[in-house]
Amino acid sequence: MQMPSVSFVSLGCPKNLVDSEKMLGLLAEAGCPIVSDDSGVGEVVIVNTCGFLSASREEAVDVLREIAVHKRNGDVKRIVAAGCLVQRDGQGLLKDVPEIDALVGVNNRRDIVRAVRAAAEAAASDAPPSEGSRLFLGSYHDASWTDANKSDRARLRLTPAHYAYLRMSEGCNQKCTFCTIPSIRGPMHCKGVDEIMAEARELIDDGAVEINLIGQDTTSYGQDIGYDAGLSGLLKTLNTLDGVHWIRLMYAYPSDFTDEMIDAIADNERIAKYIDIPLQHISDRVLKSMHRRVTRKETEVLLEKLRDRIPGVSIRTTFISGFPGETDADHDELHEFIRDFGFDMLGVFPYSNEPGTPAHNMKTHLPPELIEERVEELMLAQQEVAFERAELRIGTKFDVLIDDYGDEGTYPARHEGQAPDVDSIVYVEGGEFDPGDIVKVRCTGTDEYDLVARPADGKLPVIQ
């Protein structure tokens, strides 16, 4: 039987993106022609959904409903929904979009080929699909969660060739009261060091000069597999790889950040001097209510260590504004902290009331209008900080990674302190470059959050 052509829509975070890339790899190996955005719509459309927040759920349902219109018009034969929202809502998603033909949960991604094949068989026979051919829903990390299923090798990547995401672990043990991740992705399960190294080598061979380490909680790496060296040991091992320029740490949990981890980032040249460390709040009262297992004092001590012991480090964080019971004093404390510390990059999320979380049952939820006001105030405070820090870069030299082809001689790029998609960028003017080139530049100005620069010493080789 000829496999149908497939279009793929990937929603959500980089962790979801890795799942999308793996499913695309499995489909390509099975002989499915993959249809790109530029060449029309496939016979089967797969949507890898995000279900982390209510807003992401609404986005996923809207996308599925748009595709359902194409199905009713005869342009699409089958719709497959996959990912976090499927894991969270199960068959409930069919009530919102009855045109969906198959559901594939996050722990059943290897069943994506079966789901597409079943859709093709049903289309060929004009028979209604059976439940067994349309539901691929398993409990998280069941007996099928083997080393082979943990592997993200043989992906069909959706990122540009020069950078990639490497997932170190799946699930989370932290139990923050606002978070749905444990109920969707389950408890923490780490990949072994050998598997991570094999994936990293494959990504480098595929052209990646920047690897971004991801997981729900990267600082707890190794705890469930008895790897005593933990994140620091993994970073030291990754630093031995040839052909990669930056290895970037994302999603670091503050309560488990050790001195050994700080030293590993400081002492190993391929480890980017960049840390993404979501803090969520600074008020002790709110942190306790969030079950973050860290105090303001402990947070401040850690942040000072990071700045003192990692020269030139860039620190990114995120906060949640409007958590149930957050008082004016709590908000003012966070506002002052943002102004005083001077984060290099910062995002603020409005609290999202997610059913199934402990915070959902708290009695002191704030009005949405007040939450939005607080978010705006915090982001304006960070804007002042970011503009000031950008001005300090003028006249300095640093390496950048060219991210795309130039437009009228201006190339989008990023320095070591800028992660893809979430941070500001550098506009490089002058010269001719290709995506993936490492270039030494001198900063000549700013454009709000972004920097403007010109080549200083030409293109640089990747460290070998």
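Within the option set Pro358, Pro455, being assigned by TED's automatic domain parsing to the domain that holds Leu241, surrounded by 14 or more Cβ atoms within 10 Å (Cβ to Cβ) and touching a residue at least 24 places away in the same chain (Cβ under 8 Å) holds for one residue only, Pro358.
Any residue that is surrounded by fewer than 18 Cβ atoms within 10 Å (Cβ to Cβ), more than 22 Å from the chain's Cα centre (by Cα) and among the polar types (S, T, N, Q) - is there at least one of those in the range 308-323? Walk me through it before giving the result.
If we filter the range 308-323 for residues that are surrounded by fewer than 18 Cβ atoms within 10 Å (Cβ to Cβ), which is where we start, we get 308-309, 311-312, 318.
Filter once more, keeping what is more than 22 Å from the chain's Cα centre (by Cα): 308-309, 311-312.
Among the residues that remain, those that are also among the polar types (S, T, N, Q) are: none.
Taking every residue of the range 308-323 in turn, none turns out to be surrounded by fewer than 18 Cβ atoms within 10 Å (Cβ to Cβ), more than 22 Å from the chain's Cα centre (by Cα) and among the polar types (S, T, N, Q).
When Arg339, Arg296 are checked against the criterion of being basic (Lys, Arg) and either in contact with a Cys (Cβ under 9 Å, 6 or more places away or on another chain) or more than 25 Å from Gly215 (Cα to Cα) (or both), a single residue qualifies: Arg339.
Across the range 207-228, which residue is nearest to Gly186 (Cα to Cα) among those that are charged (D, E, K, R) and touching a strand residue (DSSP E or B) at 6+ places or on another chain (Cβ under 7 Å)? Of everything passing the filter in the range 207-228, Asp224 is nearest to Gly186 (Cα to Cα). Those helices (runs of 4 or more DSSP H) of the range 166-238 in which at least 3 residues are acidic (Asp, Glu), surrounded by fewer than 21 Cβ atoms within 10 Å (Cβ to Cβ) and more than 17 Å from the chain's Cα centre (by Cα), considering only elements entirely within it, cover 193-205. Do we have any residue at all in the range 283-298 that's under 28 Å from Asp437 (Cβ atoms), in contact with a helix residue (DSSP H, G or I) (Cβ under 6 Å, 6 or more places away or on another chain) and not β-branched (Val, Ile, Thr)? So far as the range 283-298 goes, no, none of its residues is under 28 Å from Asp437 (Cβ atoms), in contact with a helix residue (DSSP H, G or I) (Cβ under 6 Å, 6 or more places away or on another chain) and not β-branched (Val, Ile, Thr).
Out of Asn173, Asn107, report the one residue that is more than 19 Å from Leu64 (Cβ to Cβ), at pLDDT below 95 and not assigned by TED's automatic domain parsing to the domain that holds Ala272. None of the others qualify; the one that does is Asn107.
Conditions (1) within 25 Å of Gly171 (Cβ to Cβ); (2) among the acidic types (Asp, Glu); (3) in contact (Cβ under 8 Å) with a residue 24 or more places away in the chain, marked per residue:
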| position | (1), (2), (3) |
| --- | --- |
| Asp62 | no, yes, no |
| Glu66 | no, yes, no |
| Arg72 | no, no, yes |
| Lys77 | no, no, yes |
| Asp89 | yes, yes, yes |
| Asp96 | no, yes, yes |
| Asn107 | yes, no, yes |
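Filtered by the rule that a residue be in contact with a helix residue (DSSP H, G or I) (Cβ under 6 Å, 6 or more places away or on another chain), of a type in the set (Lys, Arg) and assigned to a helix (DSSP H, G or I), the range 58-113 gives Arg88, Arg109. Based on this model, can you work out whether Tyr274 counts as among the aromatic types (Phe, Trp, Tyr), under 20 Å from the mean Cα position of the chain (by Cα) and in a strand (DSSP E or B)? It is true that Tyr274 is among the aromatic types (Phe, Trp, Tyr), under 20 Å from the mean Cα position of the chain (by Cα) and in a strand (DSSP E or B).
If you take the residues of the range 42-70 that are over 24 Å from the mean Cα position of the chain (by Cα) and crowded, with 17+ Cβ neighbours inside 10 Å, which of them is modelled with the lowest pLDDT? Steps first, answer last, please.
From the range 42-70, those over 24 Å from the mean Cα position of the chain (by Cα) are 42-44, 65-70; that's our starting set.
Still in the list and also crowded, with 17+ Cβ neighbours inside 10 Å: 42-44, 67-68.
Details: Gly42: 85, Glu43: 90, Val44: 93, Ile67: 94, Ala68: 95.
The extreme case among them is Gly42.
The values are calculated or read from the model by the stated rules, or taken from the named source; none is laboratory data. Not measured: the values here are computed from a predicted model. Neighbour counts are summed over all protein chains in view; Cβ atoms, including those assigned to glycine, are modelled from backbone coordinates with ideal geometry.
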